[in-house]
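The block underneath contains the structure these notes are about, expressed in structure tokens.
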Amino acid sequence: MQRIAENRRARHDYEILERMEAGIALKGTEVKSVRAGKVQLKDSYVEVRDGDAYLVGAHIAPYSHGNIVNHDPERPRRLLLNRREIDRIFGKTTIQGLTCVPLSVYIKGSLVKVEVAIARGKKLYDKRQAEKKKQMDAEAAEAIRRRSV
């Protein structure tokens, strides 16, 4: 598994409740751009419409050696999920007020996959607590490292 892009902002802004793996329907030049690492997931999300899940707002740069029929970098891309997974995302995002965000794009074998998560938005004080905990853990690890040397 080769990780191409990661949405670090999602881990900061959201509390991750449930993760799932999805395939993504791409055009030829998009696959080449993904393999070159030209993917950005910032401000992207998953939307369910007409019974299908779409990745909206993800930017896949046009392929540098492509021709005039290169793809649109911001187009919505269909996620390849089974019906049960789509229904679960739809139910949790509409009824419970949660959201679905992509966490990372990676290559598994010869396929491009997206890790999506059902998440709840963090409040400002939750973000502060998480930052404080992270800083305390780093200080504790540093103290242990200094003591063992």
* Please find, within the range 31-58, the residue that is farthest from the chain's Cα centre (by Cα) out of those that are part of a helix (DSSP H, G or I) and among the basic types (Lys, Arg). => 32
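Return the total of residues in the range 22-40 being polar (S, T, N, Q) and over 25 Å from residue 9 (Cβ atoms).
Going through the range 22-40 one residue at a time, the tally reaches 1.
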* Can you tell me which residue in the range 113-149 is surrounded by the most Cβ atoms within 10 Å (Cβ to Cβ), limited to those that are part of a helix (DSSP H, G or I) and of a type in the set (Gly, Ala, Ser)? -> 130
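Assess whether residue 47 counts as being closer than 22 Å to residue 130 by Cβ, surrounded by fewer than 19 Cβ atoms within 10 Å (Cβ to Cβ) and in contact (Cβ under 8 Å) with a residue 12 or more places away in the chain.
no
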* Residues being hydroxyl-bearing (Ser, Thr, Tyr) and farther than 20 Å from residue 111 by Cα: count how many of those fall in the range 52-64. => 1
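Every residue, every condition in (1) over 18 Å from residue 104 (Cα atoms); (2) in a strand (DSSP E or B); (3) free of Cβ contacts under 8 Å to residues at least 40 places away in the same chain; (4) in contact with a Gly (Cβ under 8 Å, 6 or more places away or on another chain), yes or no:
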{"position": "5", "(1), (2), (3), (4)": "no, yes, no, yes"}
{"position": "29", "(1), (2), (3), (4)": "yes, no, no, yes"}
{"position": "66", "(1), (2), (3), (4)": "yes, no, yes, no"}
{"position": "78", "(1), (2), (3), (4)": "no, yes, no, no"}
{"position": "86", "(1), (2), (3), (4)": "yes, no, yes, yes"}
* One residue from 74, 15, 6, 30 being surrounded by 16 or more Cβ atoms within 10 Å (Cβ to Cβ), of a type in the set (Asp, Glu) and out of contact with any Leu (no Cβ under 8 Å at 6 or more places or on another chain) -> 30
* Structure fact -> Looking across the range 61-85 at residues that are within 20 Å of residue 117 (Cα to Cα) and of a type in the set (A, V, I, L, M), the single one that is nearest to the chain's Cα centre (by Cα) is 79
* To do: With respect to residue 9, determine if the residue is at negative phi and either part of a strand (DSSP E or B) or modelled with pLDDT under 90 (or both).
  => yes
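The values are calculated or read from the model by the stated rules, or taken from the named source; none is laboratory data. Everything numeric here is computed off the predicted structure, so don't read it as measured data. Heads up, the Cβs are rebuilt from the backbone with ideal geometry, glycines too, and the neighbour counts pull from every protein chain shown.
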